[in-house]
Amino acid sequence: MRKAKFGCLTGTYALNVTMGCGFSCVYCYARGYTNAPPKGKVYLFTNLPYLLTKTLDGIHRRVRPDYVVLNTASDCFQDHPDILNITYQVMEVLLSRGIGISFLTKGYIPDRFMGLFKRYCHHIMAQVGLVSLSEKYWKTFEPGAARPQERLENISRLKDMGVIPQVRMDPIIPFITDTEKDIDEMFKRLRSLDVKSVSLSYLHLRPAIMDHLKRELPSIYKKLVESLFQGQKWTHVGTSTKTKLVPLGLRKKGYQRIKSMADRYGISTFICACKNPDLKGSICISGQIASHFRPKGALRDEQLSLFC
Ligand code: SF4
């Protein structure tokens, strides 16, 4: 477990159960990390529950973290029994010690996790990643992740357990996932599930992501994505010094349009600040996570030295 050093999660304790992610979304920036295993390979940290227990039980309660963000470069609910077992144990070690967990998933959450979440519902911040309800989009861009319908089911199942999830629409891809029809259909479904808040972010391009897109996308999508970023400068975003953003004008219009559509359904939207450094009024997601777990806003200043 270590403090994240990137984007708006900087300074927050984070822990990955695997290195690599079996979902292999084509746009995934974590697949471009220098230590990322090749597509189809995932390393599971099987001794994590043991190390975590030993570390947390060896320090004073007062210096334990209030919460931990899980799987910042992978997904908690990759569809493999060993990954799910270790993830369950890790969550149980943290929750049973009063430490909150935050996760973002594009997977299907198995029933036994729901039982755990029900017991500790006030210590969980869940985000469901869902950009489009289109099966075509899912099969093309996120073929390893859960079907959109299953992710919608996650939302209502989490709510039944007392966990109100937030929906994260990221990455929105201009002309592919932000059409009027797609967005309207999405908000209609989210409204029916009583979702109150959605975070938005358009696609980012980094050199490694471009390589994956070129290799894995059908040529029609590849050309469209290439044309979107043509002429855009590589810029510094978060810890990445080489990132291309969708042109500002296109993003502004897109966010505005999506926001007004969400308003019609009574859903509030906010723009991820970390991925839109050039847009005023955007919101830091880590700030939201922190306030979820520390409503009084009291920040601890103790340093915690855990295994790295
Ligand atoms: S689920 Fe997340 S971590 Fe896994 S491949 Fe997709 S974007 Fe990457």
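Which sequence of 182, 211 reflects their accessible areas, 1.4 Å probe, from the largest down? The partial results should precede the final answer.
Values: 182 35, 211 80 Å².
Output order, biggest surface exposure first: 211, 182.
Per residue, how many Å² of accessible area does the chain show with a 1.4 Å probe?
On the way: 14560 Å² over 308 residues.
Roughly 47 Å² per residue, with all protein chains present.
Dividing the convex hull volume of the alpha carbon atoms of segment 2-293 by its residue count, what do you get in Å³ per residue? Mind dumping the intermediate values first?
On the way: hull volume 36.0 nm³, N = 292.
It comes to 123 Å³ per residue, whole-number rounded.
What does a probe at residue 92 reach in segment 45-72, counting residues whose amide N is under 16 Å from the point 7 Å along Cα→Cβ?
46-54
With a 1.4 Å probe and all protein chains left in place, how much of the accessible area of segment 2-293 comes from carbon and sulfur atoms, in whole percent? Before the final figure, lay out the partial values.
Numbers: 7050 of 13180 Å².
Taking all protein chains in place, segment 2-293 shows 53 percent carbon and sulfur surface.
Using the per-residue mean of other Cβ atoms lying within 10 Å as a proxy for protection, in what order, highest first, do the peptides 154-162, 253-261 fall? Intermediate results must be reported in sequence, preceding the final value.
Details: 154-162: 17.4, 253-261: 15.8.
Order by mean packing, descending: 154-162, 253-261.
Taking R0 as 45 Å, what FRET efficiency do you get between residue 112 and residue 253 from their Cβ-Cβ distance, rounded to the nearest 0.05? Write down the numbers at each step before the final one.
On the way: r = 44 Å, r/R0 = 0.98.
The calculated FRET efficiency here is 0.55.
Whenever you get a sec, line up 106, 222, 196 from highest to lowest accessible area (probe 1.4 Å, protein heavy atoms).
On the way: 106 35, 222 55, 196 110 Å².
From most exposed to least exposed: 196, 222, 106.
The values are calculated or read from the model by the stated rules, or taken from the named source; none is laboratory data. Since this is a predicted model, take the numbers as computed values, not measurements. Counting neighbours? That spans all protein chains shown, and the Cβs are built from the backbone with ideal geometry, glycine included. Protein only, heavy atoms only, side chains kept; ligands, DNA and RNA dropped before computing areas. Shrake-Rupley method; radii C 1.70, N 1.55, O 1.52, S 1.80 Å.
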